[in-house]
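S.K.: Encoded as structure tokens, here's the structure I'll be asking about.
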Amino acid sequence: MNLYLRYFDREILVTNVDDAIAFLAGIEEIGMNAALDRDIREYVASDVLYPKRYKVRPRVYFIIIKTDAATMRDFKEKKATHPAANTPKNAPAIVRLNEERYGWYEGTIDFKRVQMVPGTGKFQYRDTRFVACCKAESGLECYNRIVDHLMGRVDPRSQFPSAKGKNFKFRYLGDCK
């Protein structure tokens, strides 16, 4: 795995952590020290694929990105991105939300349902959980199917959470025939 580093208009693609640290040491403003050296080495050795941003001074950062790109041109053209198919099972749901995998999904949505209070005739919001199994191509389509189903059956003032929030969960059950 290669490393892309950028500080303002200075950028480099290196093949190892020693070259990355040498590049950063050549930039006087960064102030390379033992703690920063150790932190960069730990980041590179970890399984984390997200970019890492280091603060130089207020509102000024340099960035390190792990990439499979062999050249700077490949990196700039995004030819070496990490495929979604390699997304681990324990990845956050937001990462798996758009992953296309046709089959059965179980979706759970917690929403605010508007209901009338019988004694007073007034309306109030009630927390409601709805669970459904449906055929879909992704977790997002499962969410959309559930919300479409509920929209015609509950008061239109009911409030539905975002598919990316903590009040919607889904799991893939398997292929459908």
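S.K.: Quick one: longest stretch of the chain between exposed loop GluC sites (Glu not before Pro), exposed meaning at most 16 other C-beta atoms within 10 Å and loop per DSSP?
M.R.: The longest such stretch corresponds to 1-76.
S.K.: Rounded to the nearest 10 Å², what accessible area does Ile21 show when all protein chains are kept and the probe is 1.4 Å?
M.R.: For Ile21, the solvent-accessible surface is approximately 20 Å².
S.K.: Same structure, new question: Using only the Cα atoms of the chain, what semi-axes does the equivalent ellipsoid have when each is the square root of 5 times a gyration tensor eigenvalue? Give whole Å, largest first. It would help to have the intermediate numbers written out before the result.
M.R.: Numbers: eigenvalues 446, 92, 31 Å².
So the equivalent ellipsoid measures 47, 21, 12 Å along its semi-axes.
S.K.: Any idea what the dipole of the chain comes to, in debye rounded to 20, about its Cα centre with Lys/Arg Cβ at +1 and Asp/Glu Cβ at -1?
M.R.: 960 debye
S.K.: Okay, moving on. Given R₀ = 22 Å, what would the calculated FRET efficiency be for Arg73 paired with Ala22, taking r from the Cβ atoms and rounding to 0.05?
M.R.: Values: r = 22 Å, r/R0 = 1.02.
It comes out at approximately 0.50.
S.K.: What accessible area per residue, rounded to a whole number of Å², is obtained for the chain using a probe radius of 1.4 Å?
M.R.: Counting only protein heavy atoms, the per-residue value for the chain is 67 Å².
S.K.: Same structure, new question: Can you check what the net charge comes to around Thr15, using other residues whose Cβ is under 14 Å from the Cβ of Thr15 (Lys, Arg +1; Asp, Glu -1)?
M.R.: Around Thr15, the charge tally is -3.
S.K.: Within the chain, what's the longest stretch lacking chymotrypsin sites (Phe, Trp or Tyr not before Pro) that sit in DSSP loops with no more than 15 other Cβ atoms inside 10 Å?
M.R.: The reported range is 9-101.
S.K.: Percent of alpha carbon pairs in region 26-70 separated by more than 15 Å?
M.R.: Cα-Cα pairs in region 26-70 separated by more than 15 Å: 49 percent.
S.K.: To continue, here is another question. Which FRET efficiency value, to the nearest 0.05, do you get for Arg59 and Glu106 by plugging their Cβ-Cβ distance into 1/(1 + (r/R0)^6) with R0 = 45 Å?
M.R.: Plugging the Cβ-Cβ distance into 1/(1 + (r/R0)^6) gives 0.50.
S.K.: Note down the nm distance, to one decimal, between modelled labels 7 Å out along Cα→Cβ at Asn33 and at Lys169.
M.R.: 4.4 nm
S.K.: Right, next: Starting from the 7 Å offset along Cα-to-Cβ, what nm value, one decimal, do you get for the label separation of Lys135 and Ile12?
M.R.: 5.6 nm
S.K.: Something else: Kindly count the pairs of lysines across the chain whose alpha carbons are less than 22 Å apart, treating pairs on different chains or eight or more residues apart as eligible.
M.R.: Counting lysine pairs in the chain gives 21.
The values are calculated or read from the model by the stated rules, or taken from the named source; none is laboratory data. The structure presented is a predicted model; accordingly, all values stated were derived computationally and were not measured. Note that each Cβ is placed from the backbone with ideal geometry, even for glycine, and that neighbours are counted across all protein chains shown. To get the accessible areas, we keep the full protein, side chains included, count just its heavy atoms, and leave off ligands, DNA and RNA. Shrake-Rupley method; radii C 1.70, N 1.55, O 1.52, S 1.80 Å.
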